[in-house]
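The values are calculated or read from the model by the stated rules, or taken from the named source; none is laboratory data. Only a predicted model underlies this, so the values are computations on that prediction, with no experimental measurement involved. Here the Cβ is made from the backbone with ideal geometry for all residues, glycine too, and neighbour counts use every protein chain on show.
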Amino acid sequence: MANETRVNLKHLLEDLRDAYASPLEEVIVTELIANALDSGATQIRLEASPAERLFRCIDNGEGMNRAALRSYHNIATSTKERGAGIGFAGVGAKLALLVAERVVTESRGKHGAQGAAQWHLQNAFRAPWKFIPFSGLIEQGKGTAVTLILKDDASLLVDGSFLARTIQRHFYPLLSANETIRKVLKGVYKKSIKLTVVGNDVAVEVPGDTRSFFVHLGKSRRPVGAGFIERANLDENFWSRLFGRETVRPTDTGLRISTYGKVIRGGWEWLGVEVKHPELLSGVVEVPTLSEILTTNKSDFLSTPQALKKYYEIRKAIQHSVIPVLRELGELEEKKSDQKTPSAYKPLTQDIEGALCLMADAFPELEALVGEHWRHRKALETSGKKKTKRKERMPSVESSAQILSTGNVDTPRERTDLETDPVGNRTKRERSPGLQIAFESFEQVERQRLAKLLEDKVVINTMHPSWTRAQALAQEPYHVLLAVALTLAEEMQPADGVPAFVSAFLKAWSEASEKSGKLL
């Protein structure tokens, strides 16, 4: 007697399908590949036959025994652990029930254990499956083969070019020959991954000027990610081949962020960095640790406070790595401020740093925005020593050039300390200059934002109506104060909520300004 899934499976699958932004066929392909990668596969091949209405994914992963294959047909069952991969509960095969007459799964696991099962969606409430004889698709070793007999012979799943483009788009880092990304991915996949479609290896080769970078979190020397940015040479044939449409350049260029080799999102908006020619720039940044905060459908990141905190920390680290690359390429859109920061804002900036210093125990991430003056002052207060004057070192030629290139006359001098590198040489370590405040006219896309945090700089939007009103009332400093508080709250995603963070910030600011004796 055949087994069956006793739930409204069709309704559940349709809800799951709707959770993805990509077409169903694309989701099926990416999920099958993701589950194969999670099973330790190093070779994944896709086969397609329009005449037979057949699509097949075969991998050399760990495979399944009959008990695991039985659980595989329960949509609520998953052995996946968050942060340990990018697949979820065999979703690819389950979603395939919506487009296939039947789904056949054949697997060989450890110690020669093997099994095969056939599954189909009979109606909304009946999805019977049964064990069938093992046909030998997995000829030797371990692995799994998922075969779909499709309802439509014109399905995209039998189109080899569609399958190749889907792999290129969603698993770009796995196909790239970039050494920096390979170095980071080696911590996830010990061996290189080979993907083939209808007998042909899938690869990407982007022409143009390429610059690589590593991503470091805080002061850690060990990279948490790596990536590259490429400026295309207007090879129209390349864009057409990769994105499958006759356009001069793709509309979805930009920096893609991926984890475990799977692209999660792309563009430049998510990074908060403006570039001069976004249509010519593409690239990838791979950060494996982001797999810990992926949503169930693996197409976005969780929005819980802790997840957002981690995401913003990593986004800031990526900004710090990407901006020098864009500047080197001459592609960073470094807008001149609408107005020079008046000297009247210097006391306010210093008092805000004081507030951040007072809050740093509860929010360690804020310490990077605190200047040397307040760090030193807090250290003296903590140790009980009397306040002593410190001679300020002259800035280096490089730091002076950086101040001139940024055009920010209020940038504090950078401080350097001596540290020892791994081979024992004493080298200079740059110290953070502290918080900076700048003013810009935001583009239409960001017109409603009060401000944004870019590295160590809070940029105030002078196009926001409230800024205009603050100017009319001569209340600009209070507007800046509130904009900084809300922007930092967005970055910190505090567990107690934004209002509590803003209240704590204003309280800390009042204490800091009282200590400094300065006024707005």
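Screening the candidates 310, 298 for the property of being under 26 Å from residue 91 (Cβ atoms), of a type outside the set (A, V, I, L, M, F, W, C), outside any helix (DSSP H, G or I) and touching a helix residue (DSSP H, G or I) at 6+ places or on another chain (Cβ under 9 Å) yields one hit, 298. Checked against (1) among the aromatic types (Phe, Trp, Tyr); (2) in a helix (DSSP H, G or I); (3) modelled with pLDDT of 90 or more, residue 238 meets all criteria but (3). Beta carbons closer than 6 Å, at least 6 apart along the sequence or on distinct chains, pair a first residue in the stretch 459-477 that is surrounded by 13 or more Cβ atoms within 10 Å (Cβ to Cβ) with a second that is of a type in the set (Phe, Trp, Tyr) and outside any helix (DSSP H, G or I) for 460/439; 461/442; 462/439; 463/442.
The number of residues in the stretch 313-333 that are within 13 Å of the chain's Cα centre (by Cα) and of a type in the set (D, E, K, R) comes to 3.
Table: residues versus (1) at pLDDT 90 or above; (2) under 37 Å from the mean Cα position of the chain (by Cα); (3) closer than 21 Å to residue 39 by Cα.
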residue: 83; (1), (2), (3): no, yes, yes
residue: 88; (1), (2), (3): no, yes, yes
residue: 91; (1), (2), (3): no, yes, yes
residue: 95; (1), (2), (3): yes, yes, yes
residue: 120; (1), (2), (3): yes, yes, no
residue: 126; (1), (2), (3): no, no, no
residue: 139; (1), (2), (3): no, no, yes
residue: 148; (1), (2), (3): yes, yes, yes
residue: 151; (1), (2), (3): yes, yes, no
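The set of residues from the stretch 40-77 being surrounded by 18 or more Cβ atoms within 10 Å (Cβ to Cβ), among the small types (Gly, Ala, Ser) and more than 19 Å from residue 95 (Cα to Cα) comprises 41, 61, 63. Hey, any hits in the stretch 272-288 for a residue that's closer than 26 Å to residue 489 by Cα, part of a loop (DSSP other than H, G, I, E, B) and within 12 Å of the chain's Cα centre (by Cα)? Yes, the stretch 272-288 contains a residue that is closer than 26 Å to residue 489 by Cα, part of a loop (DSSP other than H, G, I, E, B) and within 12 Å of the chain's Cα centre (by Cα).
Keeping to the stretch 128-137, report how many residues are under 20 Å from residue 28 (Cβ atoms) and either under 37 Å from the mean Cα position of the chain (by Cα) or outside any strand (DSSP E or B) (or both). Final tally of qualifying residues: 1.
Considering the conditions (1) in contact with a Gly (Cβ under 7 Å, 6 or more places away or on another chain); (2) at pLDDT 90 or above, residue 211 is excluded by exactly one of them, (1). Output the number of residues of the stretch 503-520 satisfying the condition of being surrounded by 18 or more Cβ atoms within 10 Å (Cβ to Cβ) and modelled with pLDDT of 90 or more. Going through the stretch 503-520 one residue at a time, the tally reaches 4. So, in the stretch 140-153, of the ones that are surrounded by fewer than 22 Cβ atoms within 10 Å (Cβ to Cβ) and in contact (Cβ under 8 Å) with a residue 24 or more places away in the chain, which residue ends up farthest from residue 48 (Cα to Cα)? Only one residue fits best here, namely 141. Taken over the stretch 425-453, the residue count meeting the criterion of being of a type outside the set (D, E, K, R), modelled with pLDDT under 80 and not in a loop (DSSP other than H, G, I, E, B) is 3. For the stretch 112-131, a tally of residues being surrounded by fewer than 16 Cβ atoms within 10 Å (Cβ to Cβ) and within 23 Å of residue 44 (Cβ to Cβ) returns 1. Go through the residues of the stretch 335-350 one by one and say whether even a single one is under 30 Å from residue 275 (Cβ atoms), modelled with pLDDT of 80 or more and crowded, with 18+ Cβ neighbours inside 10 Å. The answer is yes; a qualifying residue exists.
Name the residue that is modelled with the highest pLDDT, counting only residues in the stretch 251-268 that are assigned to a loop (DSSP other than H, G, I, E, B) and more than 15 Å from residue 301 (Cβ to Cβ). Here the residue is 261.
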